[in-house]
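The values are calculated or read from the model by the stated rules, or taken from the named source; none is laboratory data. Every value quoted in this text rests on a predicted model; they were computed, and no experiment measured them. Counting neighbours? That spans all protein chains shown, and the Cβs are built from the backbone with ideal geometry, glycine included. In case anyone asks, the SASA skips ligands and DNA or RNA and just uses the protein heavy atoms, side chains included. Shrake-Rupley method; radii C 1.70, N 1.55, O 1.52, S 1.80 Å.
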Amino acid sequence: MARSILVIGAGVAGLAAAWSARRRGARVTVISAGVGETALAGGAVDDVPWEQVERAGRLLGSDLPAGDLAPAARQFAAELGLWDVPHAAAARIATVAGRIRPARGRDRALLDLGPLRRTRVLVPRVPRAAWDADALAEAFTDEPFARARGLRFLPVDAPFLRFDDERGIADGDLAARHDDPARLSWLLERLHQALEGAGGAGAILLGPWLGARAPRAEALSARLGVPVGEALIGAGSPAGLRFEAARDALLAAIEVTQRHGRVRAVAAGDGRGAAGGPGDGVLVHVDGEDVPLAADAVILAIGGLAGGGVAYAPPERGAGPDLPARGAAPFALSIAAPVTLGDARGAFGVVSSMQGPELDLVAWPRGDRLGALEAVGVRCEGVRAAPGILVAGATIAGRARTVLDAVTTGLRAGAEA
Ligand SMILES: Cc1cc2nc3c(=O)[nH]c(=O)nc-3n(C[C@H](O)[C@H](O)[C@H](O)COP(=O)(O)OP(=O)(O)OC[C@H]3O[C@@H](n4cnc5c(N)ncnc54)[C@H](O)[C@@H]3O)c2cc1C
């Protein structure tokens, strides 16, 4: 009988784990409580944090060569159908903070400035709160990458919004309007006019508004004859909606059962099928359900500090009227499980006071030391944390918090489960 694998968490790590376990013939169920980091992030697909890539490039005086993806990761990305991960060079994406930064890959709606040379990029003026085309165009033109490649960004008037409410609706709602082919054709006409009015350009850069169910930028670019794409925003981009749509389609295509539920605890089973499941190497207790789910193995892909898998739990939280009973690591896994939470690189080895760590000092990376967001998580041997319990993605202590790192550990956990 096929092994039964329960994946907890439906971010990119849980998805990669489910895909990988399913490829090996397992029966796979994914249970998730809702959104995590993957659904909050903006569509940049990094392997290592981009600041490190840029710093190394500055030291070397040239761009770092981009290593190709492992074959399984490339196959997974191809089946997901959401990202472009170039084979040789990193993509270059524009952020709404006015930077142009490298990314190993990108959601296909984001504009890749990498292939452009000696040309103008139009930045339409769109009357929305977080989009100041004039300031952005000036900042991008001043970026070292743009200067080295001869790129100039030009703010232009183009009626991108069709209805008054679109000045204030959420990015995701505006993006969803471009899932409608008729609306996309309307936009195409306006972009044609903008191009003509400007006397031509090499690309058009917009905000995060080009599709919620799928990236619409490629279809638009093909019809316009000029690349059109989104800038990257910090959090809450429609890229998260596009990930969820692509994820659900992939899970359905590979016949993985998906269900909603918040897991409260994971425990070792008695191995005799007592829970009535097909085998119960591990039992999973879900909020509001009396009977635990049973599986041969469980993959914890519940995210880290940013995604909710790890919670900030300083010692004073359990304190009485005076002081906490003892100093303790100020973090806890958000579900009960027989695994050890740790801080792989020692950022919290010493708790500085009974009131917990000085978060303003330890939350962010400093020099070679990881910040709390990366450092804290489940301690593992590779991806194994306890018998029958594997861990993937941002739940693992001490790894880079990037999309491709979550893919790597997810694929591995799925293969080893
Ligand atoms: C704002 C932001 C910007 C980012 N920018 C970038 C970037 O530019 N480039 C890059 O490469 N990476 C970026 N990242 C990091 C990257 O998105 C994450 O490292 C990666 O998505 C982690 O994926 P994951 O599957 O491990 O966790 P998550 O995506 O957090 O998934 C966790 C899943 O577990 C579920 N879950 C949690 N607890 C329970 C429970 N008790 N029961 C059931 N389900 C549960 C959640 O609902 C969710 O489905 C960013 C992250 C954030 C938050």
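Within the range 16-36, can you find the residues that are within 15 Å of the ligand (Cβ to nearest atom), of a type outside the set (Gly, Ala, Ser) and more than 11 Å from residue 299 (Cβ to Cβ)? Residues satisfying the conditions are 19, 35.
Evaluate the following for residue 77: is it closer than 19 Å to residue 229 by Cβ and part of a loop (DSSP other than H, G, I, E, B)? Working first, answer last.
Values: closer than 19 Å to residue 229 by Cβ: yes; part of a loop (DSSP other than H, G, I, E, B): no.
Answer is no for this residue.
Scanning the range 372-395 for residues being within 13 Å of the ligand (Cβ to nearest atom) and surrounded by fewer than 23 Cβ atoms within 10 Å (Cβ to Cβ) gives a total of 1.
Taken together, 84, 47 contain a single residue that is in contact with an Asp or Glu (Cβ under 9 Å, 6 or more places away or on another chain) and within 11 Å of the ligand (Cβ to nearest atom), which is 47. For the range 295-310, a residue qualifies if it is in contact with a Pro (Cβ under 9 Å, 6 or more places away or on another chain) and either near the ligand (Cβ under 9 Å from one of its atoms) or assigned to a loop (DSSP other than H, G, I, E, B) (or both), and exactly one does: 296.
Considering each of 219, 214, 130, 158 in turn, give the residue that is open to solvent by 70 Å² or more (accessible area, probe 1.4 Å) and at pLDDT below 95.
Working: 219 fails: open to solvent by 70 Å² or more (accessible area, probe 1.4 Å); 214 fails: open to solvent by 70 Å² or more (accessible area, probe 1.4 Å); 158 fails: open to solvent by 70 Å² or more (accessible area, probe 1.4 Å).
Unique residue meeting the criteria: 130.
Matching residues to (1) free of Cβ contacts under 8 Å to residues at least 12 places away in the same chain; (2) within 16 Å of the ligand (Cβ to nearest atom); (3) more than 19 Å from residue 175 (Cα to Cα):
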{"position": "89", "(1), (2), (3)": "no, no, yes"}
{"position": "99", "(1), (2), (3)": "no, yes, yes"}
{"position": "117", "(1), (2), (3)": "no, no, yes"}
{"position": "132", "(1), (2), (3)": "yes, no, no"}
{"position": "137", "(1), (2), (3)": "no, no, yes"}
{"position": "143", "(1), (2), (3)": "no, no, yes"}
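Given the condition touching a helix residue (DSSP H, G or I) at 6+ places or on another chain (Cβ under 6 Å) and either of a type outside the set (Phe, Trp, Tyr) or at pLDDT below 85 (or both), answer yes or no: does some residue in the range 274-291 qualify? Checking the range 274-291: not a single residue is touching a helix residue (DSSP H, G or I) at 6+ places or on another chain (Cβ under 6 Å) and either of a type outside the set (Phe, Trp, Tyr) or at pLDDT below 85 (or both). Here 39, 2, 13, 73 are screened, and the one residue that is hydrophobic (A, V, I, L, M, F, W, C), in contact with a strand residue (DSSP E or B) (Cβ under 9 Å, 6 or more places away or on another chain) and either within 14 Å of the ligand (Cβ to nearest atom) or within 18 Å of residue 410 (Cβ to Cβ) (or both) is 13.
Looking for whichever is over 22 Å from residue 233 (Cα atoms) and out of contact with any Asp or Glu (no Cβ under 9 Å at 6 or more places or on another chain) here; the options are 15, 69. Which one fits?
Numbers: 69 fails: out of contact with any Asp or Glu (no Cβ under 9 Å at 6 or more places or on another chain).
Matching residue, one of 15, 69: 15.
Every condition in (1) under 21 Å from the mean Cα position of the chain (by Cα); (2) surrounded by fewer than 20 Cβ atoms within 10 Å (Cβ to Cβ); (3) touching a residue at least 24 places away in the same chain (Cβ under 8 Å) is met by residue 202 except one, and the failing one is (1). Taken together, 29, 38 contain a single residue that is touching a helix residue (DSSP H, G or I) at 6+ places or on another chain (Cβ under 7 Å) and of a type in the set (S, T, N, Q), which is 38. When residue 169 is tested against (1) among the hydrophobic types (A, V, I, L, M, F, W, C); (2) within 18 Å of residue 84 (Cβ to Cβ); (3) outside any helix (DSSP H, G or I); (4) without any contact (Cβ under 8 Å) to a residue 60 or more places away in the chain, only condition (2) is not met.
Can you spot a residue in the range 250-263 that is more than 16 Å from the ligand (Cβ to nearest atom), touching a residue at least 60 places away in the same chain (Cβ under 8 Å) and in a loop (DSSP other than H, G, I, E, B)? Give the steps one after another, and end with the answer.
Going residue by residue through the range 250-263, those that are more than 16 Å from the ligand (Cβ to nearest atom) are 252-255.
Then keep just the ones that are touching a residue at least 60 places away in the same chain (Cβ under 8 Å); that gives 253-255.
Narrowing the set further to residues that are in a loop (DSSP other than H, G, I, E, B) leaves 254-255.
Yes, the range 250-263 contains at least one residue that is more than 16 Å from the ligand (Cβ to nearest atom), touching a residue at least 60 places away in the same chain (Cβ under 8 Å) and in a loop (DSSP other than H, G, I, E, B).
Tallying residues that are crowded, with 22+ Cβ neighbours inside 10 Å and within 30 Å of residue 285 (Cβ to Cβ) within the range 40-53 yields 1. Please go through the range 198-240 and give me each residue that is part of a helix (DSSP H, G or I) and touching a strand residue (DSSP E or B) at 6+ places or on another chain (Cβ under 7 Å), ordered by number. Selection gives 198, 217, 220, 221, 239. Every condition in (1) in a loop (DSSP other than H, G, I, E, B); (2) within 9 Å of the ligand (Cβ to nearest atom); (3) not β-branched (Val, Ile, Thr) is met by residue 398 except one, and the failing one is (2).
Tallying residues that are aliphatic (A, V, I, L, M), within 16 Å of the chain's Cα centre (by Cα) and open to solvent by 50 Å² or more (accessible area, probe 1.4 Å) within the range 223-267 yields 2.
Check whether at least one residue in the range 54-63 is open to solvent by less than 40 Å² (accessible area, probe 1.4 Å), of a type in the set (Gly, Ala, Ser) and free of Cβ contacts under 8 Å to residues at least 60 places away in the same chain, and report yes or no. Among the residues of the range 54-63, at least one is open to solvent by less than 40 Å² (accessible area, probe 1.4 Å), of a type in the set (Gly, Ala, Ser) and free of Cβ contacts under 8 Å to residues at least 60 places away in the same chain, which makes the answer yes.
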